[in-house]
Amino acid sequence: MTVVMELKKVLQEARRKKGLTQKQVADLLHVTVRSYQRYESGKRRLTLDMAVKLSDILGVDVRDLAQRQSRSA
């Protein structure tokens, strides 16, 4: 499994465990649904700020997100 696929899986699973839709997460992040979909699909790189926000919303360790993101570079 590639790192991008791992990050995608982590974001999708965490979002689903919280019972949130992509739109709900996008609203909490103050971004468009399309922007969030790009983060979740790996088409757009997470900034540290966005990783921290997602960590808070989804209950995922920000270090885990950052490590997965940096390995995909």
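The values are calculated or read from the model by the stated rules, or taken from the named source; none is laboratory data. From a predicted model like this one, the values you see are computed outputs, not experimental measurements. As a convention, Cβ positions derive from the backbone with ideal geometry for all residues, glycine included, and neighbour counts pool all protein chains shown.
Give the residues of segment 1-31 that are part of a helix (DSSP H, G or I) and polar (S, T, N, Q), sorted by residue number.
First pass over segment 1-31, keeping only residues part of a helix (DSSP H, G or I): 3-17, 22-29.
Once the filter is applied, which keeps residues that are part of a helix (DSSP H, G or I) and polar (S, T, N, Q), segment 1-31 yields Gln12, Gln22, Gln24.
For (1) aliphatic (A, V, I, L, M); (2) at pLDDT below 95, each residue gets a yes or a no:
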residue: Val10; (1), (2): yes, yes
residue: Lys17; (1), (2): no, no
residue: Gln22; (1), (2): no, no
residue: Ala26; (1), (2): yes, no
residue: Leu29; (1), (2): yes, no
residue: Gly42; (1), (2): no, yes
residue: Met50; (1), (2): yes, yes
residue: Ile57; (1), (2): yes, no
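Select from segment 27-63 the residues that are surrounded by fewer than 13 Cβ atoms within 10 Å (Cβ to Cβ) and of a type outside the set (Lys, Arg) and list them in ascending order.
Taking segment 27-63 first, the residues surrounded by fewer than 13 Cβ atoms within 10 Å (Cβ to Cβ) are 30, 32, 34, 43, 47-49, 56, 59, 61, 63.
Answer for segment 27-63, where residues must be surrounded by fewer than 13 Cβ atoms within 10 Å (Cβ to Cβ) and of a type outside the set (Lys, Arg): His30, Thr32, Thr47, Leu48, Asp49, Asp56, Gly59, Asp61.
Scan (1) farther than 11 Å from Leu65 by Cα; (2) of a type outside the set (D, E, K, R); (3) in contact (Cβ under 8 Å) with a residue 24 or more places away in the chain for the single condition Leu7 breaks and write down its number.
(1) is the only condition that Leu7 fails.
Check Arg34, Arg63 and return the single one that is at pLDDT 95 or above and part of a helix (DSSP H, G or I). Give the derivation first.
Working: Arg63 fails: at pLDDT 95 or above.
None of the others qualify; the one that does is Arg34.
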